[in-house]
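The block underneath contains the structure these notes are about, expressed in structure tokens.
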Amino acid sequence: MGVVQKVEDGKLVESSSAASLAHKSVKGTGNDSLDKDAFLQLLVAQMKYQDPLEPTSNTEYISQYATFSELEQMQNMSASMDLFRASSLVGQTVLLKVTDSSGRTTDVQGNVDYVHYEKGKAYLSINGELYSMDDLSTVADPAYLEAYKLAAEFLNDYNKLPALDKLSLDDRERVEKLDKIYQEMTEYQKSFLTEEHGGTLAKYVAKMKDLVAIAEAEKDDETNNDSDKDPDEGGTDDDK
């Protein structure tokens, strides 16, 4: 698979996708694993250079080959399971940890659009870019991510509230926003908050309603006072 890199100011810029694919290519070219051909070459070398006075028995050769064949089948099964697992990720939200050539790790999050297979390897398409399955870190339920996002938004505003006795009408918008978020949460989403958050918010909402009621009552009193004032002295032209 070709790796495409951006060029800025005459220099190559390694994207997270390119880093993932390049890192996978490097790992795929290592000689830390033996295939069937390599095993057969070792077996032939062992037979060729064995001690003629104490030759290895045919039974031992067969046993070694059987062991390798069993291991190879297990590896093939593992590879098939990896491909199946990759296919099941389509439509899921995932988090990858991609390490570039300098050793820096970048988090990539998004939905898996499709899975690309090449030479027995699976690559995930996320946000229009391909990433190696080896970089997969977390698979998250969309409902979990939505609940986490709502809880984070709630706590961001919640932590900006003043002390209850310092609450004023200037905080009305924030309190009403928090109350709206909380009331629209499902029970599952509320489980990302503590009971204390819900109880404290209820106190703020009640206090704000009292402040609004007091402000409206004062406004009505001012309106009534203005309407009860005597008209300017002097009369009309008809009275003259």
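Of all the criteria given as (1) outside any strand (DSSP E or B); (2) farther than 30 Å from H197 by Cβ; (3) of a type outside the set (A, V, I, L, M, F, W, C); (4) more than 19 Å from the chain's Cα centre (by Cα), the one not satisfied by Y117 is (1). All of (1) free of Cβ contacts under 8 Å to residues at least 40 places away in the same chain; (2) farther than 24 Å from E146 by Cα hold for G110 with one exception: (2). In the set (1) over 16 Å from the mean Cα position of the chain (by Cα); (2) in a helix (DSSP H, G or I), the condition left unmet by P162 is number (2).
Of the residues making up the stretch 134-161, those that are closer than 22 Å to V205 by Cβ and exposed (fewer than 11 other Cβ atoms within 10 Å of the Cβ) are A152, N156, N159, K160.
This table checks each residue for (1) outside the structural domain of D210 (by the TED database); (2) within 30 Å of V90 (Cβ to Cβ); (3) within 23 Å of the chain's Cα centre (by Cα); (4) without any contact (Cβ under 8 Å) to a residue 12 or more places away in the chain.
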| position | (1), (2), (3), (4) |
| --- | --- |
| N156 | no, no, yes, yes |
| D179 | no, no, no, no |
| M185 | no, yes, yes, no |
| E195 | no, no, no, yes |
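Here A147 meets the list (1) in a loop (DSSP other than H, G, I, E, B); (2) within 30 Å of K177 (Cβ to Cβ) almost entirely, failing just condition (1).
Summed over the stretch 125-141, the residues that are charged (D, E, K, R) and either part of a strand (DSSP E or B) or in contact with a Leu (Cβ under 8 Å, 6 or more places away or on another chain) (or both) give a count of 2.
Can you confirm whether the stretch 199-213 contains a residue that is at pLDDT 90 or above, within 30 Å of L83 (Cα to Cα), under 33 Å from the mean Cα position of the chain (by Cα) and assigned to a helix (DSSP H, G or I)? The answer is no, given that none of the residues of the stretch 199-213 is at pLDDT 90 or above, within 30 Å of L83 (Cα to Cα), under 33 Å from the mean Cα position of the chain (by Cα) and assigned to a helix (DSSP H, G or I). Scanning the stretch 174-190 for residues that are in a helix (DSSP H, G or I) and surrounded by 11 or more Cβ atoms within 10 Å (Cβ to Cβ) yields R174, V175, E176, K177, L178, D179, I181, Y182, Y188, Q189, K190.
Results for (1) modelled with pLDDT of 85 or more; (2) on the phi > 0 side of the Ramachandran plot; (3) not β-branched (V, I, T), shown as yes or no for each residue.
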{"residue": "M47", "(1), (2), (3)": "no, no, yes"}
{"residue": "Q50", "(1), (2), (3)": "no, no, yes"}
{"residue": "T56", "(1), (2), (3)": "no, no, no"}
{"residue": "M74", "(1), (2), (3)": "no, no, yes"}
{"residue": "V98", "(1), (2), (3)": "yes, no, no"}
{"residue": "D107", "(1), (2), (3)": "yes, no, yes"}
{"residue": "K121", "(1), (2), (3)": "no, no, yes"}
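The values are calculated or read from the model by the stated rules, or taken from the named source; none is laboratory data. Model, not experiment: these values are computed from the prediction. Quick reminder, even Gly has a Cβ in these numbers, built from the backbone with ideal geometry, and neighbours come from all protein chains shown.
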